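Participant: Below is one structure. I have some questions about it.
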Amino acid sequence: MNKLVSEIIIQFGLISLAGILYSVFTIFVTEKIGNRARANEIQKEIKELNEKIKKLQNSKEKKGEEELNKTQEKIPKLLYESMMLQFKPLILTLPALFLLPPFLKSIFMDFTITLGFYLPIFLQNFEHFPNWRNVFGTIGWFWIVFIFSSLIIQLISTVYKKIKKGELNGIIKA
């Protein structure tokens with residue numbers, strides 16, 4: 001095999017691996033630090049509180065007003081907790097995001113890949129939105145691999161959890 005071709009394959013593989021590993025890292029950190037289960041509980045609690053508030057607002061009783069105020073006081077605390085759960089993972093994932101693509105670019109300066117099809121790129125030129133491209137450099141390829149691997153990992157994770165809970169048994173047997 002030509003030395004240039006083998007170098008391109010190695011570059012392609014390493015950049016793709018970096019994108020996949022970063023997606024695994026972000027999903028892992030989000031699951032462990034972000035506590036997605038608690039965030040879902042908070043959403044459910046807020047929905048229930050909002051329904052309770054609607055009922056209490058329609059009530060004309062004096063006791064209902066006091067309960068309404070107590071119920072409304074709970075929502076900001078829950079929203080704050082939810083926001084913190086969403087921002088905690090960023091403490092670890094953002095520094096890695098700011099360091100990894102430029103690091104890859106410095107190692108693989110001349111890397112380009114031409115796909116046989118075009119992809120819509122949303123953050124390049126807002127005058128021609130979306131921009132369809134098939135040629136990507138190091139950072140562009142990293143982002144494409146990261147986005148698609150994240151989607152695939154999330155899909156596999158969701159299906160696995162549903163199978164584990166027994167929610168897909170009817171679909172799988174059919």
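The values are calculated or read from the model by the stated rules, or taken from the named source; none is laboratory data. What you see is a predicted model; the values in this text were computed from it and never measured. In this analysis, Cβ positions are derived from the backbone assuming ideal geometry, glycine residues included, and neighbour counts consider all displayed protein chains. For the accessible areas, the whole protein counts, side chains as well, though only heavy atoms, and no ligand, DNA or RNA atoms are used. Shrake-Rupley method; radii C 1.70, N 1.55, O 1.52, S 1.80 Å.
Participant: When you look at F117, is it surrounded by fewer than 16 Cβ atoms within 10 Å (Cβ to Cβ), more than 18 Å from the chain's Cα centre (by Cα) and at pLDDT 85 or above, yes or no? Give the derivation first.
Facilitator: Numbers: surrounded by fewer than 16 Cβ atoms within 10 Å (Cβ to Cβ): yes; more than 18 Å from the chain's Cα centre (by Cα): yes; at pLDDT 85 or above: yes.
Criteria met by F117.
Participant: So for region 127-139 (the condition being of a type outside the set (D, E, K, R), assigned to a helix (DSSP H, G or I) and touching a helix residue (DSSP H, G or I) at 6+ places or on another chain (Cβ under 6 Å)), does at least one residue qualify? Walk me through it before giving the result.
Facilitator: Quick first cut of region 127-139, residues of a type outside the set (D, E, K, R) only: 128-132, 134-139.
Filter again for assigned to a helix (DSSP H, G or I), leaving 138-139.
Filter again for touching a helix residue (DSSP H, G or I) at 6+ places or on another chain (Cβ under 6 Å), leaving 138-139.
Scanning region 127-139, I find at least one residue that is of a type outside the set (D, E, K, R), assigned to a helix (DSSP H, G or I) and touching a helix residue (DSSP H, G or I) at 6+ places or on another chain (Cβ under 6 Å), so the answer is yes.
Participant: Considering only region 62-109, state which residues are open to solvent by 100 Å² or more (accessible area, probe 1.4 Å) and of a type in the set (D, E). Walk me through how you get there before you give the answer.
Facilitator: Start the filter on region 62-109 by keeping residues that are open to solvent by 100 Å² or more (accessible area, probe 1.4 Å), which leaves 62-63, 65-66, 70, 73-74, 77, 80, 86-87, 91, 98-99, 103, 109.
Answer for region 62-109, where residues must be open to solvent by 100 Å² or more (accessible area, probe 1.4 Å) and of a type in the set (D, E): E65, E66, E73.
Participant: Another one. State which residue is nearest to G140 (Cα to Cα) when the search covers only region 1-52 and only residues that are modelled with pLDDT under 80 and open to solvent by 80 Å² or more (accessible area, probe 1.4 Å).
Facilitator: L4
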